[in-house]
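To keep things clear, I will list the structure first and then write my remarks on it.
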Amino acid sequence: MTPPRVTVVVATRDRRESLLRSLGHLTGPGAPPVIVVDNGSSDGTPAAVRAEHPDVSVVDLPGNRGAVGRTVGVQRAGTPYIAFADDDSWWEPGALGRAADLLDAHPGVALLAGRVRMAADGSVDAVTRKHRAAVLGATPGSPGPDVLSYPAFATVLRRDAYLSVGGFSPLLFFAGEEHLLALDLAAAGWQQVYADDVVAWHDPAGPATVAPERWALQTRNDLLVDWLRRPLPVALTATWHLARRSVSDPAARAALRGWAVRLPAALRERRPVPADVERRFALAQRPLNAPVAG
């Protein structure tokens, strides 16, 4: 048999039932190997996975390591390519074979961002709509539009490229960790592209609206990324805006406190990206149809 080219890595915590549903889609005859990294669940997730999906490799972590749990799975994988999935997502049959073919054919591409379809109605998500708009254009010879923003669960990437830039950051822990990965891969000279025929399905297990605590984590990490990789005027402006909002917004105050605690570590790790990477990243962050200066 041909050795597998892709391993699916899932990091999870306390979402046993949702994870088991997703594994029902990810496993079966001809499916790629799957590694589940459990971030210290208290709901019996590891035992349930071993009982219902004995072919899945389970890694028990003693505590919650956030997005770094994915890196633990990547380190244990024995394939050249990694497909991330969340405990509420899965890949469409055939998608990962197509992704591996694209990565085989395009050695300069480190990461493919797939099309995300919502399980509830089959519609595509907002990030996919933006990717289809090709706001960054396309590098000549690449298999799709360039991207610098994506959800981890919809990505297929080169294991060696991911590990060479350090994977997901322990400093960010969780929420919005993909932005730093995208910047580091781009700064290292790798292409990252959208692939419309590589399809991931998403059946969100969390609340329909963003909780203030989750907004604070995302905002904290966005600001940390600004200080880690973006020009100083960008970081200072973002900090000023958050500080002004924190006067009347408890979630903004929580984000600002979390940022301040981590700022010394961020400054030690600060490596501003090249100007062209910053220009393209700033463009990628604009809402669709937003005016572009110049």
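The values are calculated or read from the model by the stated rules, or taken from the named source; none is laboratory data. Quick caveat: nothing in here was measured; it's all calculated off a predicted structure. Here Cβ is always computed from backbone atoms with ideal geometry, including for glycine, and neighbour counts include all displayed protein chains. Accessible surface is based on the protein model in full, side chains and every heavy atom, while ligands, DNA and RNA are left aside. Shrake-Rupley method; radii C 1.70, N 1.55, O 1.52, S 1.80 Å.
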Qualifying residue in the stretch 116-135 (condition: surrounded by fewer than 23 Cβ atoms within 10 Å (Cβ to Cβ), of a type outside the set (S, T, Y) and under 14 Å from Y162 (Cα atoms)): no
Among (1) assigned to a loop (DSSP other than H, G, I, E, B); (2) open to solvent by 50 Å² or more (accessible area, probe 1.4 Å); (3) in contact (Cβ under 8 Å) with a residue 12 or more places away in the chain - the single one R214 does not satisfy: (1)
Residue check for A67: out of contact with any strand residue (DSSP E or B) (no Cβ under 6 Å at 6 or more places or on another chain), without any contact (Cβ under 8 Å) to a residue 40 or more places away in the chain and hydrophobic (A, V, I, L, M, F, W, C): no
The lone exception for H202 - which of (1) modelled with pLDDT of 95 or more; (2) under 26 Å from D146 (Cα atoms); (3) in contact with a Leu (Cβ under 9 Å, 6 or more places away or on another chain) it fails: (3)
Criterion (of a type in the set (A, V, I, L, M) and crowded, with 23+ Cβ neighbours inside 10 Å) met by exactly one of A105, A83: A83
Long-range neighbours under 7 Å by Cβ, at least six apart or interchain, first residue farther than 17 Å from Q285 by Cβ within the stretch 129-141, second of a type in the set (S, T, N, Q) and exposed (fewer than 12 other Cβ atoms within 10 Å of the Cβ): none
Matching residues, the stretch 123-168, being polar (S, T, N, Q) and either assigned to a helix (DSSP H, G or I) or within 22 Å of S89 (Cα to Cα) (or both): S123, T128, S149, T155, S164
Subset of the stretch 244-292 (residues that are small (G, A, S), part of a loop (DSSP other than H, G, I, E, B) and closer than 28 Å to H131 by Cα): A290
Residue within the stretch 259-268 that is among the β-branched types (V, I, T) and open to solvent by less than 30 Å² (accessible area, probe 1.4 Å) present: no
Pairs, first aromatic (F, W, Y) in the stretch 47-63, second in a loop (DSSP other than H, G, I, E, B), C-beta under 8 Å, six or more apart: none
Positions within the stretch 16-49 being assigned to a loop (DSSP other than H, G, I, E, B), open to solvent by 40 Å² or more (accessible area, probe 1.4 Å) and more than 23 Å from P93 (Cβ to Cβ), in sequence order: S42, D43
Residue satisfying all of: in the stretch 50-63; under 17 Å from T7 (Cα atoms) and surrounded by 14 or more Cβ atoms within 10 Å (Cβ to Cβ); farthest from the chain's Cα centre (by Cα) among these: H53
